[in-house]
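In what follows, a structure is listed as structure tokens, so that the remarks can point back to it.
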Amino acid sequence: MSESIRKSFGIPRFKLPAFVCAVGKRLPQWPHAVLLTTGLNAVLKMKLLPEDSLALLEGRSFLVDVLDTGGRACFTYRDGLFRPLFSLPDVPDLTFGANLSAFLQLALRQEDPDTLFFNRDLSIEGDTELGLVVKNMLDAVEWPKLPALPVFHRQAVDH
């Protein structure tokens with residue numbers, strides 16, 4: 001995606017209203033972990049993650065906390081797959097916390113983890129070395145380029 005298109009269709013920085021978080025915290029959290037691990041495993045199948053770094057994730061627990069939605073996803077990497085954890089460990093090995101907009105900006109590569117972290121839009125807690133491994137993995141992902149969509153021109157019809 002070109003830089004000009006990325007900026008014109010970029011995700012703005014936003015924070016959802018507090019009631020969204022209040023409701024979100026009361027909902028079951030396991031669907032978030034299932035959805036996130038399904039996406040991560042799809043990325044694995046596409047071979048977009050550096051395989052040498054994956055071994056460093058083995059058996060470690062991760063928590064993604066979407067602060068303004070009240071949603072949390074806890075998961076691990078074991079035996080070559082990301083797997084949801086249906087209960088939170090007392091202390092996850094690595095926790096990422098941010099509002100939904102920051103996670104969307106990160107996923108779309110609109111912002112990099114360093115910028116979000118230094119702007120205090122992303123918190124990372126836990127094992128520092130593991131945090132650097134994950135950050136470097138995120139930086140190394142090269143999303144495949146999508147083919148350009150054909151442009152359809154509407155032809156004027158004389159009546």
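The values are calculated or read from the model by the stated rules, or taken from the named source; none is laboratory data. Given the structure is predicted, the values throughout are model-derived calculations rather than measurements. Ideal geometry is used to build each Cβ from the backbone, glycine not excepted, and the neighbour counts take in all protein chains shown.
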The condition from (1) farther than 19 Å from D139 by Cβ; (2) assigned to a loop (DSSP other than H, G, I, E, B); (3) not β-branched (V, I, T) that L48 misses is numbered (1)
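Each row is one residue, and each column tells you yes or no for (1) touching a strand residue (DSSP E or B) at 6+ places or on another chain (Cβ under 7 Å); (2) over 21 Å from L132 (Cα atoms).
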{"site": "R13", "(1), (2)": "no, yes"}
{"site": "G24", "(1), (2)": "yes, yes"}
{"site": "V34", "(1), (2)": "yes, yes"}
{"site": "V43", "(1), (2)": "no, no"}
{"site": "S53", "(1), (2)": "no, no"}
{"site": "G70", "(1), (2)": "no, yes"}
{"site": "D93", "(1), (2)": "yes, no"}
If we keep only residues of region 63-80 that are out of contact with any helix residue (DSSP H, G or I) (no Cβ under 6 Å at 6 or more places or on another chain) and touching a residue at least 24 places away in the same chain (Cβ under 8 Å), then the residue surrounded by the fewest Cβ atoms within 10 Å (Cβ to Cβ) is G80
Failed condition for V20, given (1) loosely packed, with under 14 Cβ neighbours inside 10 Å; (2) modelled with pLDDT of 95 or more: (1)
Please verify whether D93 is under 21 Å from D114 (Cβ atoms), modelled with pLDDT of 95 or more and more than 14 Å from the chain's Cα centre (by Cα), treating the condition exactly as stated. yes
Residues located in region 131-150, provided they are modelled with pLDDT of 90 or more and in contact with a helix residue (DSSP H, G or I) (Cβ under 7 Å, 6 or more places away or on another chain): V133
Any hit, region 32-39, residues being in a loop (DSSP other than H, G, I, E, B), in contact with a Cys (Cβ under 8 Å, 6 or more places away or on another chain) and either surrounded by 13 or more Cβ atoms within 10 Å (Cβ to Cβ) or of a type in the set (G, A, S) (or both): no
